[in-house]
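Report on the structure given below.
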Amino acid sequence: MKTLKGIGVSPGYAVGKAIVIREALIDINSSAYTSAEEELKKFQSAVAVFTKKTRELIESLTRSAGKKNADILNGHIVMLNDPFMLSQINDSIQGGKTAAQATDAVCNSFYDMFATVDDEMMKQRASDILDIKNSIIGILCGENGVAIEDVPKGSVMIAKDFTPSMTSRINRENVYAIIAEAGSVTSHSAILARAIDIPAVLSVKNASELIKDGDLLAIDGSKGKILFDPDQETVQKYENARQSYFEEKASLAEYFSRETVTKNGVKKAVYGNIGKPEDAEAVIQNGGEGIGLFRTEFLFMDRPSLPTEEEQFEAYSTVAKAMGTKEVIIRTLDIGGDKAVPYLEIPKEDNPFLGYRAIRYCLDNPDIFKIQLRAILRAAYFGNIKIMLPLITDTEEVLSAKALIAECEKELESEGVLFKKGIPLGVMIETPAAVLIADELAKIADFFSIGTNDLTGYVMAVDRGNGKVSGLYSVQKSAVLKAIEMTVKSAKSVGIPVGMCGESAADSELIPKLVEWGLDEFSVTPNSILRTRKEICECD
């Protein structure tokens, strides 16, 4: 049997017949320019139709996948109404372009800006822009696009990319799996696929050319494996696995209110990772015992200027209040180098992952860093907040951050502002340097959190985006496992808690080792919380 490999982004199994989705090529030059006033009216009318259709999708998606996931589409409405984008489209129309040509030109410029940034979130923005562009141009040119809703039962859909609007139109009863040439674990198409519980394999090179309409395929959404023309024995194996998967998912419901305790009575905790305040609701809905990673850099992106202290305070305090007495670990600004924020004017670097980012940028820019620290200290008054420092490589970085926190405490005290003093300060262990001095860091930090994404890349000296060496990017490599074990032991030697944030904390092969070594807290995506808790509860 011929096999294709990709990235498994949404677990589950399926056997079905392929339907290759090919977007129609629209000729944006087919209609002549009328007048600026008329073309602007056409564009505004298309925006109104787009908004109406998108809101209908949001309503439908809210019922099937929840409000949080449906908000991805709401983001499209917000992006399209961005004053800067609208002014550029208006200028382009005034300059003699039709509404379709102006939309194409402006959206392409935004796409190029986001797509060239070596950051997953920015690449997702690029995909969103492409989705918006295709929808608006389709409306302007009278092209309705592919009727995804009408594919027959037992279909496996293949496309170059599944945009959020495409994924949200999938009829879950008829579509058994999706395959795409683009996308990653954190892409919106992957998030929505997991939300509607459909197996998905992304980043499959040339999938829409290698797979033909009607091909019988067997898909493993966990391992990212696609089998062509499986024999009857394989078909039965995959169908049995599909049934077992749904049965297991139903059984996870009993773990919602259970404590995370191993078979021999050792208490652990399963937390959730979030990127914005509204994500906290998903952690609560999935039974999370806290938030192990609040990625604050998302508050700084997609805007023309720095978020104010009040804006940051509002975001952090909203999460703290939502979680009540449960821990909320806020990671300070992890930005710079590969995560471009134009208004910060950080120079482009040849090797951004070894460059000017995270704690290095923050300590060099104390005015920016202190605004965030002040906001966190104030928000901590309303909940159980901890601060976590990213990309630590030296004890001096921790001590310098402590000094800035002390300055902020003095300032807030003199101003008579409510805040919490002496909140716990932890560090992310995500560099080989931090692993090697973990015993020293453990003496000055209140907790550790192991960031396996960067740690794996740095330990194995591998670019996970480079297909030629991506096979080396695995947390199961001996060197990475030893680094994790060393870190846990260093934390345990002085009695501070140690957690792990990222998908590796939900790795069923890794969890028994982590439990054995003594990891205290597992922080995963909200959708992985119950499965992770079950895995831990079944460990000795």
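Since every read-out is calculated from the coordinates, none of them should be taken as a lab result. Everything quoted here is computed from the prediction, not taken from an experiment. Every residue, glycine as well, gets a Cβ built from its backbone with ideal geometry; the counts of neighbours run over all protein chains shown.
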note = Cβ-Cβ cut-off under 14 Å around Leu472, Lys and Arg +1, Asp and Glu -1: the net charge is +2
request  = Compute the signed sum of charges (Lys and Arg +1, Asp and Glu -1) over the other residues within less than 10 Å, Cβ to Cβ, of Arg295.
outcome  = -1
Euclidean distance between Cα centres, segment 224-275 to segment 10-84, Å = 33 Å
ask   = Once amide H atoms are placed 1.01 Å from N in the peptide plane, what residues at a sequence separation of 5 or more from Arg169, or on another chain, have their amide H within under 5 Å of its amide H?
value = none
key: Net length gained if the chain between Tyr356 and Val494 were fully extended (0.36 nm per residue, minus Cα distance)   = 46.5 nm
ask   = Could you state the number of Å between the C-alpha centres of segment 340-416 and segment 466-495?
value = 26 Å
query = Where Lys and Arg each count +1 and Asp and Glu each count -1, what net charge lies around Cys501 among other residues with Cβ under 9 Å from its Cβ?
reply = 0
query = Between their Cα atoms, which of Lys53/Lys225; Lys2/Lys223; Lys67/Lys534; Lys370/Lys402 are more than 23 Å away from each other?
reply = Lys53/Lys225; Lys67/Lys534
task = Scan around Val328 for amide H atoms under 5 Å from its own, H built in the peptide plane at 1.01 Å from N, and keep only partners 5 or more places away or cross-chain.
result = Ile291, Asn384, Ile385, Lys386
remark   = Note, segment 43-55: 3J(HN,Hα) by Karplus (6.51, -1.76, 1.60, θ = phi - 60°), whole Hz, Gly/Pro = x, goes 4, 4, 5, 5, 4, 5, 5, 4, 4, 4, 5, 5, 5
key: In order through segment 235-240: 3J(HN,Hα) via Karplus (6.51 cos²θ - 1.76 cosθ + 1.60), integer Hz, x for Gly, Pro   = 4, 5, 4, 6, 5, 5
query = What ranking of Phe313, Phe448, Phe298, Phe84 emerges when the number of other C-beta atoms within 10 Å of each C-beta is taken as an exposure proxy, fewest first?
reply = Phe84, Phe298, Phe313, Phe448
request  = Would you work out the charge dipole size for the chain about its Cα centre, treating the Cβ of every Lys and Arg as +1 and the Cβ of every Asp and Glu as -1, and quote it to the nearest 20 debye?
outcome  = 1000 debye
ask   = Dipole of the chain (Lys/Arg Cβ +1, Asp/Glu Cβ -1, origin at the Cα centre): which of Ala406, Val480, Gly422 lies farthest to the positive side?
value = Val480
task = Within 10 Å of each residue's Cβ, count the other Cβ atoms and sort Tyr33, Tyr176, Tyr316 from fewest upward.
result = Tyr33, Tyr176, Tyr316
Within segment 237-272, GluC sites (Glu not before Pro) in DSSP loop having at most 16 other beta-carbon neighbours inside 10 Å = Glu259
remark   = Per the rule of 0.36 nm per residue minus the C-alpha distance, extending Asn74 to Glu516 adds in nm 154.8 nm
key: Distance (nanometres) between label positions extended 7 Å along Cα→Cβ at Glu310 and Lys205   = 5.3 nm
query = Which ³J(HN,Hα) values, rounded to whole Hz and listed in residue order, are derived for segment 87-92 from phi using the Karplus coefficients 6.51, -1.76 and 1.60 in 6.51 cos²θ - 1.76 cosθ + 1.60 with θ = phi - 60°, glycine and proline given as x?
reply = 5, 5, 5, 4, 4, 5
ask   = Can you put Ser317, Ser400 in order, fewest other beta carbons within 10 Å first?
value = Ser400, Ser317
Length released on extending from Ser87 to Ala105, taking residue separation times 0.36 nm less the Cα-Cα span = 5.2 nm
remark   = In segment 265-537 the DSSP beta bridges are antiparallel at a rate, in percent to nearest 5, of 5 percent
Shape category assigned to the chain from the gyration tensor of Cα positions, a/c cut at 1.5 = oblate
ask   = Is the shape of segment 399-480 best called rounded, prolate or oblate, per the rule: a/c under 1.5 gives rounded, else a/b larger than b/c gives prolate, else oblate, with a ≥ b ≥ c the square roots of the Cα gyration tensor eigenvalues?
value = prolate
key: Cβ charges +1 (Lys, Arg) and -1 (Asp, Glu), total dipole of segment 346-432, debye   = 380 debye
query = Between the DSSP loop rule and a limit of at most 12 other Cβ atoms within 10 Å, which GluC sites (Glu not before Pro) in segment 315-378 are left?
reply = Glu345
remark   = Under 5 Å from the placed amide H of Gly355, counting only residues 5+ away or on other chains, we find none
query = Given a Förster radius of 60 Å and the C-beta distance between Lys421 and Ala32 as r, what FRET efficiency does 1/(1 + (r/R0)^6) yield to the nearest 0.05?
reply = 0.30
query = Shape of segment 351-432 from its Cα gyration tensor (a ≥ b ≥ c, root eigenvalues): rounded if a/c is under 1.5, otherwise prolate when a/b > b/c, or oblate?
reply = prolate
message = For a quick check of your reading of the filter: which GluC sites (Glu not before Pro) in segment 149-205 sit in a DSSP loop and have no more than 16 other Cβ atoms within 10 Å?
response = Glu173
